[in-house]
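The values are calculated or read from the model by the stated rules, or taken from the named source; none is laboratory data. All values derive from a computational prediction rather than experimental measurement. SASA here: full protein model, heavy atoms, side chains in, ligands and nucleic acids out. Shrake-Rupley method; radii C 1.70, N 1.55, O 1.52, S 1.80 Å.
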Amino acid sequence: MEVEISVEAEKKRLNSWVALTVVLLSVLMGLGKLKDDNIVQTRQLLKADAADAWSEYQAKKIKLHLTEAGLRQAEMLVLANPASAAALKPQQQQLRQEISRYKQESEALQRKAEGKEQGFEALNARHDLFDISDAALSIAVACAAVAALSANLLPLFAAWGFGALGMVFWLAGFAGWNLRIEWLVSLLG
């Protein structure tokens, strides 16, 4: 009778540890999901902003090339008809000013687009951290369930190990640490 009570007490204690483990892992997963969803939304906005900036850059470059072509045409007209030089001089000056402005604006748009893409890549790295964390925490929950079903401590220890790994990546995602394991990202990507 005492042996039955002892075995039952051990199962109850194991189930308590499993329940506590699952609750903690679930809280971490929920908070990580919230943060990751915010990161995903911000990434989408940055990607759209980068695409817009690159479109503006391309449009500005087209205007630059068209203006340069107009200046070349005006210069060729002067060569073909030197008498038109005085009449074309104000137009050539205006075209040169536009070329200078378009060059400055296109360089600024290029920097803007590159900055948006860098921001996107930084958030992408954080998103990867939450993905790895979510995978490790999910495996930990599964191991905890196996521990409860098998009444065995070994799967619970595995759950704690995967939970600790998931927690490290979870913390890295929240803190923005550069904890990137390329082979694991490519494996899961």
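Based on C-alpha pairs under 8 angstrom that are at least 6 apart in sequence, the chain has a relative contact order of 30 percent. Shown for segment 70-189: the carbon plus sulfur share of the solvent-accessible area, taken with all protein chains present and a 1.4 angstrom probe, equals 62%. When the alpha carbon gyration tensor of the chain is reduced to an equivalent ellipsoid, the three semi-axes, largest first, read 69, 11, 9 Å. For the chain, the solvent-accessible area with a 1.4 angstrom probe is 64 square angstrom per residue.
Against the main long axis of the alpha-carbon atoms of the chain, helix 2-80 sits at an angle near 10°.
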